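**Q** Please read through the structure below; I'll follow up with questions.
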Amino acid sequence: MKDFRYLDETAILSLSEEKCIGCGNCRLVCPHRIFRVRHGKAEITDPNACMECGACATNCPAGAIYVNPDDGCGCAAYIINSWIARVFGKTPSGCGC
């Protein structure tokens, strides 16, 4: 998934360095490995690979990560449903959020 891209510069993802406790949960749960921990804080290394699944935010005990696909960008379910629809020649049905 290293080369995965959805739409460059569209992911709604932010990381608060002030709130981050450097636990590394985001790095462990991110399916596209867009985080790293350096100098005791998480960093976003590849924001364009974010599929907005929300695993990082859900698993952040400090609440330092914000991902909200309902703010105008697609979520992981929508992306996956779009790929499946494309394979079967159908119109995407949305994400169900």
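The values are calculated or read from the model by the stated rules, or taken from the named source; none is laboratory data. Because the structure is a prediction, the values reported are computed rather than measured. All Cβ positions, even for glycine, are placed from backbone atoms using ideal geometry, and neighbour counts span all protein chains on display.
**Q** For region 1-39, name all the residues that are farther than 20 Å from THR58 by Cα and modelled with pLDDT of 95 or more.
**A** Across region 1-39, the qualifying residues are ARG38, HIS39.
**Q** Among the residues of region 48-78, count how many are surrounded by 19 or more Cβ atoms within 10 Å (Cβ to Cβ) and at pLDDT below 85.
**A** The number of residues fulfilling the criteria is 7.
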